[in-house]
There are 4 protein chains.
Amino acid sequence: MNTVANRSIFRLGESETNRVEAFSDGVLAIVITLLVLEIKVPHLSIDDDATQWAALTDLVPTIVAWVISFVFVLVFWVAHHYLFNSLQKVDRGLLWLNGLFLLFMSFVPFPTALAGEYPATSPPLVLLSGTMLGAAASFSAMRLYVLRGHGLIAANAESAARLALRRSLIAPTLYAIGLVVAFFEPWLSIAIQVLVPGIFFLPAKATGETHRSRAPSARD
Amino acid sequence: MNTVANRSIFRLGESETNRVEAFSDGVLAIVITLLVLEIKVPHLSIDDDATQWAALTDLVPTIVAWVISFVFVLVFWVAHHYLFNSLQKVDRGLLWLNGLFLLFMSFVPFPTALAGEYPATSPPLVLLSGTMLGAAASFSAMRLYVLRGHGLIAANAESAARLALRRSLIAPTLYAIGLVVAFFEPWLSIAIQVLVPGIFFLPAKATGETHRSRAPSARD
Amino acid sequence: MNTVANRSIFRLGESETNRVEAFSDGVLAIVITLLVLEIKVPHLSIDDDATQWAALTDLVPTIVAWVISFVFVLVFWVAHHYLFNSLQKVDRGLLWLNGLFLLFMSFVPFPTALAGEYPATSPPLVLLSGTMLGAAASFSAMRLYVLRGHGLIAANAESAARLALRRSLIAPTLYAIGLVVAFFEPWLSIAIQVLVPGIFFLPAKATGETHRSRAPSARD
Amino acid sequence: MNTVANRSIFRLGESETNRVEAFSDGVLAIVITLLVLEIKVPHLSIDDDATQWAALTDLVPTIVAWVISFVFVLVFWVAHHYLFNSLQKVDRGLLWLNGLFLLFMSFVPFPTALAGEYPATSPPLVLLSGTMLGAAASFSAMRLYVLRGHGLIAANAESAARLALRRSLIAPTLYAIGLVVAFFEPWLSIAIQVLVPGIFFLPAKATGETHRSRAPSARD
């Protein structure tokens with residue numbers, strides 16, 4: 001009977017985190033898909049093949065900006081996925097931090113469109129780096145909050161979470177640098193925006209550990 | 001066997017509320033993310049940095065309107081989350097009230113865009129306050145409906161729900177005042193729109209209680 | 001062991017219907033929320049209050065079209081919700097019929113915008129009625145398909161489903177009439193579009209029965 | 001106790017695949033619904049019925065492009081649904097491949113809008129075929145990855161998955177041909193885009209088998 005009760009509580013926590021995950025997934029899925037709406041169909045007076053190809057070539061910066069932001073959102077979706085997988089429940093504080101994270105994420109389409117319209121100029125890249133900084137910093141804040149003993153994280157996931165927190169400070173640091181250099185060297189800022197997700201792609205071990213953490217707590 | 005049967009019924013109710021939650025989450029996630037589409041990329045004939053910064057400065061009211069509406073939708077998403085967490089099933093009446101709530105919520109992007117285009121003038125703020133009033137009032141109506149004995153609410157969640165209902169009347173009252181003052185003092189109306197979510201951020205106790213209510217009913 | 005196996009199969013079916021429901025809910029939630037994007041912010045050269053109010057008054061037909069389509073999508077979401085609740089699994093045939101239904105549903109924003117732009121004229125109302133007819137007819141086709149013995153429906157839900165099928169033929173019939181009269185009497189077509197969801201709002205018994213049908217099958 | 005542990009692990013895997021499915025479903029549902037936004041309401045100076053009908057007739061290529069892309073996304077959603085149903089867990093590699101697949105899928109609205117604007121000309125059809133090729137190829141890559149022994153696929157689903165992989169190479173091959181012929185014979189490229197989903201509609205057996213594969217693994 002005790003086991004049933006425990007399982008019920010566990011499941012309650014799970015269903016709670018599930019709904020926050022579902023809402024966040026919804027927002028992130030919409031952001032990632034809306035990005036394409038900023039690539040506008042060119043309206044040409046002459047529409048032979050050559051003119052169309054030229055118009056499409058003009059869209060290359062917009063498409064590059066789209067890919068950068070797509071990968072950015074995807075990387076944070078994966079990180080969000082692993083973070084919430086290591087939680088056994090959520091509380092109001094985490095809900096609001098998550099809301100702040102989503103505020104920055106859902107702003108992404110605007111500076112992305114701006115960067116596509118005015119490629120390699122300062123203002124759009126300052127705004128884009130600032131948005132990415134805000135998203136990355138609020139994500140790190142969630143990791144920190146979770147570790148500050150509100151009983152949100154599964155006990156056996158703590159050491160992995162501590163490691164993940166330390167690693168997760170890399171992204172906001174780099175985006176802060178990207179924000180500053182965007183004022184002087186737009187291309188360097190773009191390079192940083194390409195680099196950061198690249199870092200996330202490589203080392204899968206630490207966060208992978210966080211991921212498997214729920215199984216043991218369900219097993220006993 | 002009895003326990004299994006009871007649990008099945010419980011789970012049925014849960015899966016039912018889950019789908020209404022999922023649909024509502026979907027709508028709210030889309031609304032909150034669509035808001036950004038109303039921030040339009042400025043098309044400039046001269047695109048040096050100074051002109052771009054000036055154009056971005058012109059967008060500040062639009063961005064403020066975006067943040068206000070973002071927080072508005074987020075606050076009601078959290079409230080919706082806690083309300084449906086305290087339910088054991090939904091019926092048709094609640095489905096329609098929820099539909100009315102979603103009607104107002106999904107209208108939000110339009111007055112938000114209007115308020116960004118014509119900042120601090122009466123008509124957009126009348127429309128925005130009216131939309132927020134409609135959403136808040138239909139949300140209170142859901143709280144009331146749930147308490148009117150259709151067996152929707154978990155027994156042990158009732159007293160907390162009664163408290164939450166009383167508290168939930170604050171928002172529509174303030175938005176009604178905001179609607180009236182928008183005709184005369186647009187800035188006062190904006191102040192109210194900033195204030196109301198602020199109230200929701202602070203006291204987490206009453207609704208937190210509602211939240212934990214499902215555990216005991218699952219335990220027996 | 002047998003019971004466990006049976007439950008597993010049951011759950012498998014449930015998880016299957018869940019994903020189709022989730023995808024359909026996603027599409028319907030997006031459709032219902034996208035509708036508002038067709039209400040465009042008026043761009044005024046003079047922006048005093050009187051001019052703004054006049055411009056908002058001009059938007060009334062667009063807002064009426066938006067409400068009609070919103071209610072249309074909501075009613076079909078509720079109907080879809082109850083239909084899939086009475087199923088124990090889905091097959092490919094149903095997936096494709098559901099796809100056809102979603103094709104018509106996701107087209108709704110276009111004729112809605114058209115009807116708002118050219119109010120009470122024939123072409124938009126012909127297109128809108130045609131789209132509603134297509135959606136309603138493909139929904140009835142799903143009801144019919146489910147009853148044609150592919151083992152999709154829970155045994156004890158059959159009689160209720162038969163009743164629901166008979167009732168569900170009312171909507172396509174009325175929309176077919178609406179389509180024809182739209183060529184001659186646009187207002188009569190609008191009246192039908194307002195009327196049909198009204199019918200769905202009233203009698204909750206038959207479909208309510210379908211709804212409860214899953215409980216007994218889970219109990220034994 | 002062993003059974004409970006096993007089931008927990010199984011459920012963990014299931015809940016993991018569930019969230020990737022939910023995110024992918026979200027993206028695909030949004031893509032499929034956003035497509036309609038590219039059908040723009042014509043703005044006419046004279047708005048009598050004849051002018052409106054003429055304007056709607058001009059939209060036929062746009063609507064045809066919309067239907068082709070809608071069916072394309074739907075077919076891949078169904079394929080994605082069956083693929084993930086045969087998995088017991090996901091890993092990072094699959095997450096990134098799935099991300100690549102979603103990148104191509106979420107790009108679809110742009111070439112679709114382009115093909116509607118400049119019907120039966122080369123550039124849009126090259127871009128659309130290329131996007132479909134990218135999506136189809138990354139989907140086949142997922143099928144291949146899953147079979148390469150990362151323990152993702154349920155043991156009893158392997159033979160069906162091998163068959164499905166062989167079958168799933170047809171689509172990228174045909175889209176590659178469509179891409180090449182789009183440079184010379186736009187209509188032939190359109191014919192291929194209509195043909196490929198048609199192939200998917202017909203033979204339901206092989207993939208159907210994959211589908212049922214989860215039941216036995218849940219039973220023991």
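The values are calculated or read from the model by the stated rules, or taken from the named source; none is laboratory data. Since the model is a prediction, treat every value here as computed from it, not as a measurement. We place every Cβ from the backbone using ideal geometry, glycine too, and count neighbours over all the protein chains shown.
Values for this structure:
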read-out: Any hit, segment A:79-90, residues being facing chain B (nearest Cβ under 8 Å), assigned to a helix (DSSP H, G or I) and modelled with pLDDT under 90; value: no
read-out: Boolean, B:Ile32 is at the interface with another protein chain (Cβ under 9 Å from one of its Cβ atoms), buried (at least 22 other Cβ atoms within 10 Å of the Cβ) and either hydroxyl-bearing (Ser, Thr, Tyr) or touching a residue at least 40 places away in the same chain (Cβ under 8 Å) (or both); value: yes
read-out: Meets criteria (modelled with pLDDT of 90 or more, closer than 26 Å to B:Asn18 by Cβ and assigned to a helix (DSSP H, G or I)) for B:Phe70; value: yes
read-out: Out of B:Thr121, B:Thr112, B:Thr131, sole residue that is in contact (Cβ under 8 Å) with a residue 60 or more places away in the chain and closer than 19 Å to B:Pro197 by Cβ; value: B:Thr112
read-out: Selection within segment B:52-105 - farther than 20 Å from C:Val36 by Cα and among the aromatic types (Phe, Trp, Tyr); value: B:Trp53, B:Tyr82, B:Phe84
read-out: Matching residues in segment A:20-50 - criterion: being part of a helix (DSSP H, G or I) and of a type in the set (S, T, N, Q); value: A:Ser24, A:Thr33
read-out: Output for segment A:95-120, where each listed residue is more than 7 Å from chain B (Cβ to nearest Cβ), more than 17 Å from B:Val67 (Cα to Cα) and surrounded by 21 or more Cβ atoms within 10 Å (Cβ to Cβ); value: A:Thr112, A:Ala115, A:Gly116
read-out: Residue in segment C:159-178 that is part of a helix (DSSP H, G or I), within 13 Å of another protein chain (Cβ to nearest Cβ) and not basic (Lys, Arg) present; value: no
read-out: Criterion: touching a strand residue (DSSP E or B) at 6+ places or on another chain (Cβ under 9 Å) and assigned to a helix (DSSP H, G or I) - qualifying residue of B:Leu94, B:Leu114, B:Leu144, B:Leu56; value: B:Leu94
read-out: Residue in segment D:5-13 that is modelled with pLDDT of 85 or more, more than 10 Å from chain C (Cβ to nearest Cβ) and either closer than 15 Å to C:Ser106 by Cα or crowded, with 18+ Cβ neighbours inside 10 Å (or both) present; value: no
read-out: Residues being closer than 20 Å to A:Ala171 by Cβ, touching a residue at least 40 places away in the same chain (Cβ under 8 Å) and hydrophobic (A, V, I, L, M, F, W, C) - total across segment A:140-152; value: 3
read-out: Residue match in segment B:44-55 (condition: touching a residue at least 40 places away in the same chain (Cβ under 8 Å), surrounded by 16 or more Cβ atoms within 10 Å (Cβ to Cβ) and either over 30 Å from B:Gly151 (Cα atoms) or within 11 Å of chain A (Cβ to nearest Cβ) (or both)); value: no
read-out: Residue match in segment D:142-158 (condition: over 19 Å from D:Ser86 (Cβ atoms) and either at pLDDT 95 or above or surrounded by fewer than 22 Cβ atoms within 10 Å (Cβ to Cβ) (or both)); value: no
read-out: Any hit, segment B:93-114, residues being among the hydroxyl-bearing types (Ser, Thr, Tyr), under 24 Å from A:Leu97 (Cα atoms) and under 15 Å from the mean Cα position of the chain (by Cα); value: yes
